[in-house]
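J.: After the structure tokens below, expect a handful of questions from me.
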Amino acid sequence: MLSQIERGKANPTLEVTCRIARAFRISIGELVEEPWLGSSIKIIHYNDPTYLYRSDSLCTIRTLSPLNTEKAVEFYELTISPKAELRSAAHFDGTHELLTVVKGGVRVLSGTESSKLGKGDSAHYRADRDHVISNPGKGEAVCFLVVIYI
């Protein structure tokens, strides 16, 4: 259907247009708007539940990058409870992560290699292998995480 619409061979119904917009996680207005008419600044508000990827007693992950764009980079805020950890399976080949600690401390494990980071420290590591970010401390750890897909 998308191919037919793009080639001018089909005119989608409102229902089809709504399904297309939902698939891309955007509104119908965003789907049909002319980009030069809107603002080039897109804001992700702190309290927008759409960007709350995970929130439980162990970890909160808030997406800080737009959900509706194809991207080679993703940006997150992580909050990890004391003695908790975030385990991740290997991502695609060549994927790396950049982690910066803004509060507390964490331990990063990538494959068999491990490092401790404190407030203000950053680590760049391979994410195309199993990896873990853990909080061995007694207080909450807050980090910014950038995932880079090569």
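J.: Look at segment 1-30 and say how many of its residues are modelled with pLDDT of 75 or more, surrounded by 10 or more Cβ atoms within 10 Å (Cβ to Cβ) and either under 30 Å from Phe75 (Cβ atoms) or of a type in the set (Ser, Thr, Tyr) (or both).
T.: 13
J.: Starting from residues that are part of a strand (DSSP E or B) and hydroxyl-bearing (Ser, Thr, Tyr), keep the ones in segment 93-114 and report whichever is farthest from Gly139 (Cα to Cα).
T.: Of segment 93-114, the ones part of a strand (DSSP E or B) are 96-103, 106-110, 113-114.
Next cut, hydroxyl-bearing (Ser, Thr, Tyr) only: 100, 110, 114.
Values: Thr100: 17, Ser110: 23, Ser114: 20 Å.
Of everything passing the filter in segment 93-114, Ser110 is farthest from Gly139 (Cα to Cα).
J.: Looking only at residues in segment 128-138 that are in a loop (DSSP other than H, G, I, E, B) and within 19 Å of Ala84 (Cβ to Cβ), which one is farthest from the chain's Cα centre (by Cα)? I'd like the intermediate steps shown before the answer.
T.: Quick first cut of segment 128-138, residues in a loop (DSSP other than H, G, I, E, B) only: 128-130, 135-138.
Cutting the leftovers down to within 19 Å of Ala84 (Cβ to Cβ) gives us 130, 135-138.
Working: Asp130: 18, Asn135: 20, Pro136: 24, Gly137: 25, Lys138: 26 Å.
Ranking the candidates gives Lys138 first.
J.: Look through Leu58, Leu64 and report the one residue that is over 14 Å from the mean Cα position of the chain (by Cα), modelled with pLDDT under 95, surrounded by 12 or more Cβ atoms within 10 Å (Cβ to Cβ) and not assigned by TED's automatic domain parsing to the domain that holds Leu31.
T.: Unique residue meeting the criteria: Leu58.
J.: Is it true that Leu37 is surrounded by fewer than 14 Cβ atoms within 10 Å (Cβ to Cβ), under 29 Å from Pro12 (Cβ atoms) and either modelled with pLDDT under 85 or acidic (Asp, Glu) (or both)? Break it down stepwise before answering.
T.: On the way: surrounded by fewer than 14 Cβ atoms within 10 Å (Cβ to Cβ): yes; under 29 Å from Pro12 (Cβ atoms): yes; either modelled with pLDDT under 85 or acidic (Asp, Glu) (or both): yes.
Taking the combined requirement at face value, the residue satisfies it.
J.: Do we find a residue being closer than 30 Å to Ala23 by Cα, part of a loop (DSSP other than H, G, I, E, B), in contact with a His (Cβ under 8 Å, 6 or more places away or on another chain) and not small (Gly, Ala, Ser) anywhere in segment 140-147?
T.: no
J.: Given (1) assigned to a loop (DSSP other than H, G, I, E, B); (2) over 18 Å from the mean Cα position of the chain (by Cα); (3) at pLDDT below 95; (4) not basic (Lys, Arg), identify the lone condition not met by Pro82.
T.: With respect to (1) assigned to a loop (DSSP other than H, G, I, E, B); (2) over 18 Å from the mean Cα position of the chain (by Cα); (3) at pLDDT below 95; (4) not basic (Lys, Arg), Pro82 is out only on (3).
The values are calculated or read from the model by the stated rules, or taken from the named source; none is laboratory data. Since the model is a prediction, treat every value here as computed from it, not as a measurement. Glycine gets a Cβ as well: all are built from the backbone with ideal geometry, and neighbour counts include every protein chain shown.
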